Amino acid sequence: QNLKHPEILGRPTANSITVHLIFSDSADVRVEFGTVSGIYSGNSAWQTAAPDTAVEIELTGLMTNTLYYYRVSYKIPGTTTITNRPEHSFHTQRSPGNSFTFTIQADPHLDGQSDTNVYIRCLQNQLDDHPDFMIDLGDFLMTDKLKNTSNQIPFDTIPYRCNLLRNYYDKISHSVPLYIVLGNHEGENDYYYNQTPPNNLCIWATQSRKTYYPNPYPNSFYSGNTAVEPYGIGNPENYYAWEWGDALFMVINPYWYTKAQQHAGWGWTLGSKQYTWFKNTIRNSTAKFKFIFAHHVLGTGRGGIDMLDQGEWGGKNLQGVWEFDKKRPDWSLPIHQLMVKYKVSAFFQGHDHIFVRQDQDGIVYQETPNPANPFYEDTVSWRGAYQTGDYLPASGHLRVTVTPQEAKVDYVRSWMTKDESTTRKQGDVAFSYTIKPNIAN
């Protein structure tokens, strides 16, 4: 039998984790695990994987704040010959007071703006960081750009892109659990959702993304979108929050409830349901650090703090006139002001493919570089959208090390071997800064 996509990890909690695989043929599969390398004191029950269908194995009953080793075993149904996969590892939820590392990447694209060789180098850098998990800030499937000569987006291009990108996450997510943030090019928004269901981009894209990538859904560990959507979608797994060590992590989504397509200002929204969840979560958390992740401020446009006065983020229209009370009458504060009030530490975004660190009202606004840029420089005009801040071109990822005393953010560069020099080395840290804990609410 053929292992089409080997194991990737998702949904880590204090006492569980999900192992996700896809086989081309039927297979019986299980996972062995333990706290000592090579010694597996526990194992999941055998499960039968159908051809080209995701199989998810949830390991439960794990100890919190613990490093585990595991390996996947599989066999042809009805036979006894077992194939053992290589051993990998993961860590369950860190307890407060314990240090850890996570990584962030954004906009892998894998299109004309990208080089897969650079991306592989970036992924290896992240694996070498030994992070507890990686957060991808979106624009990875790019499904709303997959139009054919008839200007239509055919269904089969969507699983093709899911397969393509999965080939790369497979390289590190066996030991680096993956969290997906939805970008504007994933097609999962209300603009598409209501166009001749169920045969539309939003429904196809959400179904396919969930098949290939195990994102969190609300349970005793994660909070988030509690909706159960029709057309086989179920829970969309598209915004969620959790705590790890001394930090709160929140992934927000400005697309799911947005009926606009490419219009700035008030057309883009978190929606009242998500806004209420967002407000309550940052208000109720007593974590030392509060990190927010989204593909972009407002979901569209270019820039970071230069956009903060617009729409539901700042309360003004594009002409600078206050409209928040009229446009969002049931909301207490614009999003940025809400984050200031409840002492958010940092907002991480992608979309603009460069590294820019800015600060506004005590909050770091961090633009995350593209991990696969073969030109290494800013080849677009978006630099001008950032009038202030620390700027560096791509390519690379962010490494964040959280301790009880501080969170250190490193910009780790990725270079092809042929492009390295005495001043440009693979894995070099091009920029670093620290974030101090916020005072309790």
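Report yes if TYR231 is open to solvent by 20 Å² or more (accessible area, probe 1.4 Å) and of a type in the set (Ser, Thr, Tyr), otherwise no.
yes
Okay, residues lined up against (1) open to solvent by less than 50 Å² (accessible area, probe 1.4 Å); (2) polar (S, T, N, Q); (3) in contact with a strand residue (DSSP E or B) (Cβ under 7 Å, 6 or more places away or on another chain):
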| residue | (1), (2), (3) |
| --- | --- |
| TYR386 | yes, no, yes |
| LEU392 | yes, no, yes |
| THR403 | yes, yes, no |
| TYR411 | yes, no, yes |
| MET416 | yes, no, no |
| ARG424 | no, no, no |
| GLY427 | yes, no, yes |
| ILE439 | no, no, no |
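Quick check: is even one residue across the range 307-328 touching a His at 6+ places or on another chain (Cβ under 6 Å) and closer than 26 Å to ILE180 by Cβ?
yes
So which residues in the range 323-349 are open to solvent by less than 30 Å² (accessible area, probe 1.4 Å) and assigned to a helix (DSSP H, G or I), if there are any at all?
Within the range 323-349, PHE324, ILE335, HIS336, LEU338, MET339 qualify.
Got a sec? Which of ILE22, ILE17, ILE82, ILE76 is among the β-branched types (Val, Ile, Thr), open to solvent by less than 40 Å² (accessible area, probe 1.4 Å) and over 21 Å from ILE158 (Cα atoms)?
ILE17
Across the range 185-210, which residue is farthest from GLN93 (Cα to Cα) among those that are open to solvent by 20 Å² or more (accessible area, probe 1.4 Å) and either among the small types (Gly, Ala, Ser) or within 16 Å of the chain's Cα centre (by Cα) (or both)?
Going through the qualifying residues, I end up with HIS185.
Taking into account only those residues within the range 95-110 that are open to solvent by 10 Å² or more (accessible area, probe 1.4 Å) and within 19 Å of the chain's Cα centre (by Cα), which is modelled with the highest pLDDT?
THR101
Taking interchain pairs and intrachain pairs at least six residues apart, which have beta carbon atoms under 7 angstrom, with the first residue in the range 319-333 and hydroxyl-bearing (Ser, Thr, Tyr) and the second open to solvent by less than 90 Å² (accessible area, probe 1.4 Å)?
SER332/LYS279
Of the residues that make up the range 287-306, is at least one of a type in the set (Lys, Arg), open to solvent by 10 Å² or more (accessible area, probe 1.4 Å), more than 30 Å from GLN126 (Cβ to Cβ) and at pLDDT 95 or above?
The answer is no, given that none of the residues of the range 287-306 is of a type in the set (Lys, Arg), open to solvent by 10 Å² or more (accessible area, probe 1.4 Å), more than 30 Å from GLN126 (Cβ to Cβ) and at pLDDT 95 or above.
The values are calculated or read from the model by the stated rules, or taken from the named source; none is laboratory data. Fair warning: this is a prediction, and the values are worked out from it, not measured in the lab. Positions of Cβ are backbone-derived with ideal geometry, glycine not excepted, and every protein chain shown enters the neighbour counts. These accessible areas exclude ligands, DNA and RNA; they are computed on the full protein's heavy atoms, side chains included. Shrake-Rupley method; radii C 1.70, N 1.55, O 1.52, S 1.80 Å.
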